[in-house]
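Enquirer: Could you have a look at this structure, given as structure tokens, before my questions?
A short reminder: the numbers here are calculations on the coordinates, not readings from a lab. Since the model is a prediction, treat every value here as computed from it, not as a measurement. Every residue, glycine as well, gets a Cβ built from its backbone with ideal geometry; the counts of neighbours run over all protein chains shown.
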Amino acid sequence: MKKAIAVVGSQWGDEGKGKIIDYLAGGADMVVRAQGGSNAGHTVVIEGKKYALHLIPSGVLNTGTVNIIGNGVAFDPEGFFDEIGTLDAGGVDTNRIYVSDRAHVVFPYHKRLDALAERARGADNLGTTLKGIGPCYMDKVERSGLRVCDMMEGEAFIKKLARRVDEKNEVIVKLYGEEPIEKENVIEVYAGFAKRLAPHVRDTGVMVYDALSSGKTVLFEGAQGAMLDLDFGTYPFVTSSHPITGGFSVGAGTGAGINGEIIGIAKAYTTRVGAGPMVTELTDETGDRIRERGREYGTTTGRPRRCGWFDGVVVRHSSRVNGTTGLALMLLDVLDDFDEINLCYAYGRAGETIEHFPAGLSALEECKPLYRTMKGWKTDLTGCRTWEDLPTEARAYVAAVEEIAGVPVKIVSVGPGREQTIVRKELL
Ligand code: GDP
Ligand code: IMO
Ligand code: MG
């Protein structure tokens, strides 16, 4: 019997995936990352102590869980060993972390090219995390990338890497007029990474298959969110991978998809970091209040997040493309203080009601949110532990989200801690 559960972002990332993955990882044998890279920032708070994870699966904080970085991840060895160092220093067991031999590797020239491309975009920049994600996936698709298995090939790897650095330096110097990357230094550093990485390298697709086939519980950890998906997000203001459930098929090798529960993580409001359309954005004092109450500043880059009301069009769209079986509604406590709370159920555009998220940027620009106004609960929710503990107005809000999104809310979160989680139906 296969037991799989996927956790995916239903908005523009930072929905609180890290908290829920950590919460569910207690009942899982294996946690798997399948896309993105160190652009992700997943925060987990355990007994008041905060852990920020970027590349390493959030299951690592549970002893006994096997953690997999799958073939679809843009693997950044520098970020990886930094994180291992921090976890080791905190007494966390980092021996059960395995990296796919098929994962593409991020090199310093990817990060440099990420920054140079952003600079060249000028006012139209995407606001990337500058972690080299786009350039690394560009090489993968162009078939010139280097993979973890290449790193394990000694001299042959050094030769390939030297050639790549020369090629990228041509672009850096001739196109952008910048100083070249220091080849000898990159080679030395990456030869060192290769040695340290060797004990972690596996054919992780086989590990995932074996775990599922033998009835183990496997938790698939999404990074980013559906609205940052290359195909289904707000292109070109997206990331360069597929943060949707389908991303696990190619990024971890799960075959046709996830045969199990698919939990879409959504904030009780909306945030976005970086540029691009956001129909329910509030640039006024209400937006500032949400930002301050929710401490909405990025885990990876520290940038203030753009804030707005819950967008039902977004969550309906992402629930469809993810095949979501249940939502986790996060940070409900952030709305404790509001007299009234707005829920966007559709967009209005030129007298028309729009139910499905439009593709084009100019169409989106013309969309205005249509709101249902709900009464606030004006009560501190952070101590609630059961559904019955929640005030009537808060329950009505959750019910309205379910109705608008068309998916049941299976988890409600009322604070960053593990214990501040209301599970309406045990998932594992
Ligand atoms: P992720 O990228 O989806 O894992 O989300 P982030 O970790 O980037 O951002 C979510 C933030 O919200 C983190 O700082 C969490 O500690 C915090 N958080 C998660 N759930 C809750 C909640 O229910 N209430 C509050 N107040 N904070 C939460
Ligand atoms: P988690 O996993 C929020 C955004 C960037 C930028 C766009 C492209 O913590 O939810 P990239 O560096 O990926 O090329 O940047 O995507 N972005 C995220 N926003 N949460 C994330 O991850 C993100 N990862 C990338 O801000 O707008
Ligand atoms: Mg994050």
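Enquirer: Just one of the numbered conditions (1) of a type outside the set (Val, Ile, Thr); (2) more than 20 Å from residue 202 (Cβ to Cβ); (3) out of contact with any strand residue (DSSP E or B) (no Cβ under 7 Å at 6 or more places or on another chain) is not true of residue 22; which one?
Expert: (3)
Enquirer: Looking only at residues in region 10-58 that are among the polar types (S, T, N, Q) and within 9 Å of the chain's Cα centre (by Cα), which one is farthest from ligand 2 (Cβ to nearest atom)? Outline the logic, then answer.
Expert: Narrowing region 10-58 to residues among the polar types (S, T, N, Q): 10-11, 35, 38-39, 43, 58.
Within this subset, residues satisfying the condition of being within 9 Å of the chain's Cα centre (by Cα) are 35, 39.
Values: 35: 10, 39: 4 Å.
Step by step, filter region 10-58, then rank; the result is 35.
Enquirer: If we scan region 377-390, do we find a residue that is in contact with a Gly (Cβ under 9 Å, 6 or more places away or on another chain), of a type in the set (Gly, Ala, Ser) and within 16 Å of ligand 3 (Cβ to nearest atom)?
Expert: no
Enquirer: Which is touching a helix residue (DSSP H, G or I) at 6+ places or on another chain (Cβ under 6 Å) and either under 24 Å from residue 412 (Cβ atoms) or β-branched (Val, Ile, Thr) (or both), of 44, 60? I'd like the intermediate steps shown before the answer.
Expert: On the way: 60 fails: touching a helix residue (DSSP H, G or I) at 6+ places or on another chain (Cβ under 6 Å).
Sole residue among the options that is touching a helix residue (DSSP H, G or I) at 6+ places or on another chain (Cβ under 6 Å) and either under 24 Å from residue 412 (Cβ atoms) or β-branched (Val, Ile, Thr) (or both): 44.
Enquirer: Taking the conditions exactly as written (out of contact with any Gly (no Cβ under 7 Å at 6 or more places or on another chain) and farther than 15 Å from residue 344 by Cβ), does residue 326 satisfy them or not? Can you show your working first?
Expert: Details: out of contact with any Gly (no Cβ under 7 Å at 6 or more places or on another chain): yes; farther than 15 Å from residue 344 by Cβ: yes.
Taking the combined requirement at face value, the residue satisfies it.
Enquirer: Which members of region 339-398 meet the condition of being among the small types (Gly, Ala, Ser), farther than 23 Å from residue 236 by Cβ, outside any helix (DSSP H, G or I) and within 28 Å of the chain's Cα centre (by Cα)? Show your work before the answer.
Expert: Initially, region 339-398 is screened for residues among the small types (Gly, Ala, Ser), giving 346, 348, 350-351, 359-360, 362-363, 376, 383, 394, 396.
Add one more test, that the residue is farther than 23 Å from residue 236 by Cβ, and what stays is 346, 348, 350-351, 376, 383, 394, 396.
Filter again for outside any helix (DSSP H, G or I), leaving 346, 348, 350-351, 376, 383.
Hits for region 339-398 are 346, 383.
Enquirer: Kindly check whether there is at least one residue in region 226-247 that is away from ligand 1 (no atom under 16 Å from the Cβ), β-branched (Val, Ile, Thr) and assigned to a helix (DSSP H, G or I).
Expert: Scanning region 226-247 turns up no residue that is away from ligand 1 (no atom under 16 Å from the Cβ), β-branched (Val, Ile, Thr) and assigned to a helix (DSSP H, G or I).
Enquirer: Let me ask another. Please return the ranges of strands (runs of 3 or more DSSP E) entirely within region 1-110 where 3 or more residues are within 29 Å of residue 318 (Cα to Cα). Before the answer, list the steps.
Expert: Values: elements: 3-9, 30-33, 42-46, 49-53, 66-69, 97-100.
Fully inside region 1-110 and qualifying: 3-9, 30-33, 42-46, 49-53, 66-69.
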